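Written below as structure tokens is the structure these notes are about.
Computed from the coordinates by the stated procedures, all read-outs in this text should not be read as laboratory data. Computed from a prediction, not measured in an experiment: that's the story for all the values here. Please note: Cβ atoms are built from the backbone with ideal geometry, for glycine as well, and neighbour counts cover all protein chains shown.
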Amino acid sequence: MSGLRTRWRPLVASGLAIGIGVAAILPTPQMSELGRVFPMTSGIIAVAAGAGVLLQTLLRTPPVSISDTPELWRAGLLATTLLLWALVLELFGFVVTSAVALPCIAIIARREAMSAMTIVWHAVAGVVLVGGFSVLLSEVLNVRLP
Amino acid sequence: MLGALAAALSLENLLLALLGVIGGTIIGALPGLSATMAVAVLVPFTFTMDPSSGLIVLGAIYTGAIYGGAYSAILVNTPGTPAAIATSMDGFPMARRGDGDLAVTLSCLGSVVGGTVGALALLFLAPPLSQIALSFGPVEYFWLAIFGLSLIATLSRGATLLGLIGGAIGLILSCVGSAVVGGDVRYTFGQTSLLGGIPVIPALIGLYCVPVLIDMVIRPEAHLERRAETVRGFRFREAFGLMRRSKFNVIRSALIGTGVGIVPAAGGSVAGLVAYSEARRTARVPEAFGDGAPDGVIASEAANSATVGGGFVPTLVLGIPGTPPDAIILGALLVQGIRTGPQLFTQQADIVFTFTFGLLIATLLMLPTGLIIGRYAFRLIVSVPKTALAPAIAFLTVVGAFAIEANTFHVAIMVALGIFGWLVARIGLEPSPIVLGLILGPIAEAGFVQGWLIGGASGNRLGMFFGQPISIGIIAMTAITLASSGVFKRAVSQGNPE
């Protein structure tokens, strides 16, 4: 069991590479002769490299340099916030979504209690950031904001 | 030529160059706001200026933007421009251990030397060097891309198979959308938004920046180490000493950048990676690369800044723009009634030489402006609490991904790839091989397919791919890179049985 615990990362990497490689190869028969060369080659490289990692893992335990990450719930919340922000950006607009998302991310990142003055400074900085970029994008760079 | 130098040194042109460098540096530092965008926005304003002054502004913005990409690469592990990909590899580890200010100063010095070499090449050697650009056909581009992909072996730091997996994922991502030649629609799953493929800049921001953002939020420790003694100054003497010790690395990287810059479409990202790989291959302690080796930052920045001058060689002499900003500046030249070509250096020498001297002066102005902006950028990043830094970085990633094409779908791609990048980092896959595959995949595929068709038509495919002198040279360089990375790994494994 301890072997499995130390080897799960390369095993997952191997499975991911083989999965992505096979998924890339499967639709290639529908492509033209020249159009399938690169997808097929890339898929084969992914499968071969995944198989190589699998063999390497089964034969010896490679050193793993990545430490375990604490507080994964924060990662989940942040990823969800970013995804929601991206999905509703078109619907609710740049300023509104930013005004909601920025405090949410600040709360997710927060570890210590903040004084009222700190909260005010953060709010002012947020307004300046969003306002400044809104003007820069829409007025100076002529980027159409949602 | 002296008249052109005097014109470039006029108070008006000096001020324009200074403003251009400052503006370009700030824009380049913001992920997603590219040099192309800055140059494109300002082109109409230059139409009312004297032609040489207008060109100096555009050249200064371009120079500053390429350098500015180093700040975000060093301080938040997000290359502000693709040219700064290699800078983040050692720049960010330096910043994490408290040497962010030293890394910023080194990047400034490296950029100034690289930019100067590129500008001098443009000034003195443009017509003969432009012939290199003409020698590159589809097959040479194919081999150049393969050479770039071979750098994965160097960049993966002992985990070649994992690097290969990352590279293959990047190549598969580069196949999404319409094929570069032939028009096959691949891996779009019926989504019309994916027909144009995976956009590089949002992918770059997602793969590099979002994982840093997530790590910043989940870890209790500070984003960057803060040493009391490091926030006092520029650490200029220390950086200058490192530059002197690394003089061969600086010159070699600047020459690589100039050479790669001359080849249209190769660009600063390839130059930075090639120079980085060479610096690592020839270093006394190659295993220090990736953990905050100053030579890595110097090599990358000297090379990517040298591509600016190098890129203008084919633009001015042949009318072939090396990069998108070059193409915009070429358009500005045409609007001003300047016709590019070898005769440009004789018939309209005053404008060309004033512009080239302006570029040189803008590069030199990068030293004070870069040091000052860099110092405050570093102090800002280390002193801002995470509750303010995390939302600000998240906001910049969204703005950067959106601003390139005003497309909210690009924001979704950026976030999705960012989360994917963070997840695969848990299993040991790094972003650089994925990005390398994504950037070089289309160049390799277009070169291969075109070469295959031309070779088929001429009945000599083998000769087409393996018989040209430049191709043979690039294949040899690829073999040397792969062999030396293998030698390096054996040396490491001998010293470290684990």
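Quick notes on this one:
- Couplings 3J(HN,Hα) of region B:454-468, computed from phi: 5, x, x, 5, 8, x, 9, 5, 4, x, 4, 8, 10, x, 8 Hz, in residue order, whole Hz [Karplus 6.51 cos²θ - 1.76 cosθ + 1.60, θ = phi - 60°; x for Gly and Pro].
- Directionally averaged projected area (convex hull, Cα atoms, chain B), nm²: 23.6
- Taking the Cα centre of chain B as origin and assigning +1 to Lys and Arg Cβ atoms and -1 to Asp and Glu Cβ atoms, the resulting dipole is close to 860 debye.
- With contributions of -39500 (n - 2.57) from each DSSP H run of at least four residues, the per-residue ellipticity at 222 nm computed over chain B stands at -25500 deg cm²/dmol.
- Which of A:Gly15, B:Tyr62, B:Gly115, positive extreme of dipole for the protein assembly as shown (C-beta unit charges): A:Gly15
- log₁₀ of I(q)/I(0) at q = 0.16, 0.19, 0.30 Å⁻¹ - region A:2-59, Debye sum with one point per alpha carbon: -0.51, -0.64, -1.07
- Overall Cα dimensions of the protein assembly as shown - principal axes, largest extent first, Å: 78, 74, 52
- Among A:His122, B:His410, sorting on how many other beta-carbon atoms sit within 10 Å of each Cβ, with the fewest leading, yields A:His122, B:His410.
- Exposure proxy order (Cβ contacts within 10 Å, fewest to most) of B:Arg97, B:Arg284, A:Arg111: B:Arg284, A:Arg111, B:Arg97
- Neighbour-count order for A:Thr57, B:Thr282, fewest beta carbons within 10 angstrom listed first: B:Thr282, A:Thr57
- The value given for region A:72-140 is a Kirkwood hydrodynamic radius of 13.2 Å, derived from the mean inverse Cα-Cα separation.
- Dipole magnitude of the protein assembly as shown about its Cα centre (Cβ charges: Lys, Arg +1; Asp, Glu -1), debye to nearest 20: 1340
- Structure-based [θ]222 nm, chain A - -39500 (n - 2.57) summed over DSSP H runs of at least 4, per residue, nearest 500: -24500 deg cm²/dmol
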